[in-house]
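First the structure, in the form of structure tokens, and then the observations on it.
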Amino acid sequence: MNILILGGGGREHSLAWAVLQNPKCDRLVVAPGNAGIAAIAECAALDIEDGGAVVGFAEAESIDFVIVGPEAPLAAGVADRLRDAGVLVFGPSQAAAQLEASKAFTKSVCDVAGAPTAAYGHFTEANAAKAYVSAQGAPIVVKADGLAAGKGVIIAETVADAHAAIDDMFGGAFGGAGAEVVIEEFMEGEEASFFVLCDGTEVLPIGTAQDHKRVGEGDTGPNTGGMGAYTPAPVLTDTVAERALSEIIRPTMAEMAARGMPYQGVLYAGLMIQDGAPRLVEYNVRFGDPECQVLMMRLGAQALDLMHAAAEGRLNTAQVNWADDHAITVVMAADGYPGSYDKGAVIGGLDALPETSSQMVFHAGTTAQDGKITASGGRVLNATARGPSLRAAADAAYAMVDAIDFPGGFCRRDIGWRALD
Ligand code: AMP
Ligand code: GLY
């Protein structure tokens, strides 16, 4: 099989790494890729949100299977263009990608599906939104409806803060994403992520994880794309997972099919778990980054077979083979992230690190220059390890971090704390 992966972050490096372990992969191209991906696969410069360009590339290069990493090409309809052209693709249609691209859409699907989630109101102007907040009281959550790169959610501790957030959103602070606003009940509990593959009909769980969204140790400071993750997440017990499947995910899939927009790809359900009861925080229509890195470390070569089965509608015959182990990834970021940060630092020590089936440094924002690896993004490297216990995996990941010389870089030292305590 000739395979094309769209994307160029740590998520896509781990996808490429897993896909390459499978003998069914004859050739792998990643667009646009990064310096770490370039060391293991061909990289191609391609505008991955331009469906015509992606189809043209796939046809010219005889690509048999496309795996879409990030949400933006999905929301732009790139998977639809590929399917129209007869190219097999892993990833939902533009219509189905609304599960991530529109919070109001997801809320309406949950209403019909009876899926437990936060009570909410949906508004297109500020006065009605503020009146709703005043009636509900604080804490309360104000969300821009559309894609806002993870920044369109404000947890307001007071009614005044919520009113200010509403003014910001309708004032254009999040561009078009904030033209409509969803206001939600603040849910208490412990958050965890549940990943399932879907083929339009069948649902196959492929792992649980916990992310660390805040930049600082002890979950302090501003939100980021994620500073580290581990799998499995103990809070998502088999019983909680079964409830999430039967009460939230399967009813959502059935409602999507009933709407004529069957969901195919990976569905990432962000759950809030309290007293053993899961409620939906949000859906994403792609793998999490960095959650994908730990899932791929545990799945390895079978990840390709599973994604291929989802794309071909064969999940009813697919099965996941689990080793009884744990994986963790620690994000190394550039000082200043998630605010402004410097680029260009030369990173040392990578060559001396072993690359094995239980230990990998996945690259995110890196560039190769004159034989050197330089930092070119906010999140730069993901030190990722697998072990018989989470403690063993964490020790191995931090040993890699300590062997890497990244001037002007930092990481959180407490990744996994909830499960390690
Ligand atoms: P999102 O961008 O939708 O992932 O939201 C970012 C984060 O805000 C989530 O991961 C949660 O930690 C938090 N959050 C979002 N909605 C709620 C809610 N209704 N109640 C409590 N926390 C929430
Ligand atoms: N790590 C969170 C996300 O990918 O949305």
| field | Per-residue Cβ neighbour rank within 10 angstrom, fewest leading, 335, 238 | value | 238, 335
| remark: Along the range 305-314, Karplus-curve 3J(HN,Hα) (6.51, -1.76, 1.60; θ = phi - 60°) to the nearest Hz, with x for Gly and Pro, reads 4, 5, 5, 5, 5, 5, 5, 8, x, 10
| remark: Over the range 339-388, the quotient of the Cα radius of gyration and 2.2 N^0.38 Å is 1.26
| Taking the simple approach of a point 7 Å from Cα along Cα-to-Cβ for both residue 395 and residue 20, what is their distance in nm? | 2.9
| said: For a quick check: sort 93, 108 by the number of other beta carbons within 10 angstrom, fewest at the front. | reply: 108, 93
| Roughly speaking, what is the centre-to-centre gap between the range 8-43 and the range 275-348 when only Cα atoms are used, to the nearest Å? | 14
| query | What list of ³J(HN,Hα) couplings, whole Hz, do you get for the range 367-375 from phi and the Karplus terms 6.51, -1.76, 1.60, once you set θ to phi - 60° and write x for glycine and proline? | reply | 9, 8, 9, 6, x, 10, 9, 10, 7
| note | The convex hull of the Cα atoms of the range 115-261, divided by residue count, gives a volume in Å³ per residue of 138
| Arranged by the count of other C-beta atoms within 10 angstrom, fewest first, what order do 198, 292 take? | 198, 292
| request: Read phi for every residue in the range 94-104 and hand back ³J(HN,Hα) as whole Hz from Karplus 6.51 cos²θ - 1.76 cosθ + 1.60, θ = phi - 60°, with x for Gly and Pro. | output: 4, 4, 6, 5, 4, 4, 9, 6, 9, 5, 5
| Going by the alpha-carbon gyration tensor, a ≥ b ≥ c the square roots of its eigenvalues, is the chain rounded (a/c under 1.5) or, if a/c is not under 1.5, prolate (a/b greater than b/c) versus oblate? | rounded
| task | Provide the gained length on full extension for the span residue 2 to residue 49, in nm with one decimal, where the gain is 0.36 nm per separating residue minus the Cα-Cα distance. | result | 14.9 nm
| note | Counting sequence-distant residues (5 or more places) and residues on other chains, those with an amide H built under 5 Å from that of residue 287 are none
| message | Nothing charged except the Cβ atoms of Lys and Arg (+1) and of Asp and Glu (-1): what's the magnitude of the dipole of the range 318-381 about its Cα centre? Round to the nearest 20 debye. | response | 220
| Cα-projected label distance for residue 277 with residue 125, points at 7 Å along beta-carbon direction, nm | 3.7
| query | If each Cα of the range 259-324 is one equal point scatterer, what is log10 of I(q)/I(0) from the Debye formula at q = 0.19, 0.20, 0.28 Å⁻¹? | reply | -0.96, -1.03, -1.21
| query | Given the range 51-190, what whole percent of its Cα pairs are spread farther than 23 Å? | reply | 45
| said: Using amide H atoms built in the peptide plane, which far-off residues or other-chain residues are under 5 Å from residue 282 H to H? | reply: 270
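Bear in mind that the values in this text are calculations on the coordinates, not laboratory data. As the structure is a computational prediction, the values presented were derived from the model and not from experiment. No Cβ is skipped: glycine too gets one built from the backbone with ideal geometry, and neighbour counts run over all protein chains shown.
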